[in-house]
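First up is the structure itself, then whatever we jot down about it.
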Amino acid sequence: MGVLFAVIILGGLGFAGWAFYMNKLNETFSVPELFKINTKPIMPAGMTTSFFMKKNKEYTERKYEKIGEYTLEGFAFPNYHQAFFDAEKNVYIVISQYIPNK
């Protein structure tokens, strides 16, 4: 009787795990409606430009291609992002800065 009970419990846990995995497998991510992606940004005042200059140089030397810069409008804090891509390694890098309200 105990073995049958254990098999039923393990079967239920296995099914629950499978269902959770399949749900996560089909999950998609999107930008919330309130956020607007501005692909022609102006770096907000207060950003550390030396950080971006240093990272630009570093990724350019590593043969990453700069594919864009953008800001998210409708976000709680002023922000600025730069994106780099290396097709050979299939690596996508985003460097970001946010300025929290004081």
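Numbers below:
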{"read-out": "Residue match in the range 12-33 (condition: in contact with a strand residue (DSSP E or B) (Cβ under 9 Å, 6 or more places away or on another chain), surrounded by 13 or more Cβ atoms within 10 Å (Cβ to Cβ), modelled with pLDDT under 80 and not in a helix (DSSP H, G or I))", "value": "no"}
{"read-out": "Residues of the range 52-68 satisfying the condition of being free of Cβ contacts under 8 Å to residues at least 24 places away in the same chain and of a type in the set (Ser, Thr, Tyr)", "value": "60"}
{"read-out": "Residue count, the range 44-102 (criterion: within 18 Å of the chain's Cα centre (by Cα) and either among the acidic types (Asp, Glu) or assigned to a strand (DSSP E or B) (or both))", "value": "24"}
{"read-out": "Per-region count, the range 57-102, residues within 21 Å of residue 37 (Cα to Cα), polar (S, T, N, Q) and modelled with pLDDT of 90 or more", "value": "1"}
{"read-out": "Pairs with Cβ under 7 Å, 6+ apart, first in the range 69-88 and in the same structural domain as residue 53 (by TED's automatic domain parsing) and surrounded by 13 or more Cβ atoms within 10 Å (Cβ to Cβ), second at pLDDT 90 or above and assigned to a loop (DSSP other than H, G, I, E, B)", "value": "84/64; 85/64; 86/63; 86/64"}
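The values are calculated or read from the model by the stated rules, or taken from the named source; none is laboratory data. Please read all numbers here as calculations on a predicted model, not as lab measurements. With ideal geometry, Cβ positions are generated from the backbone for all residues, glycine too; neighbour counts draw on all protein chains shown.
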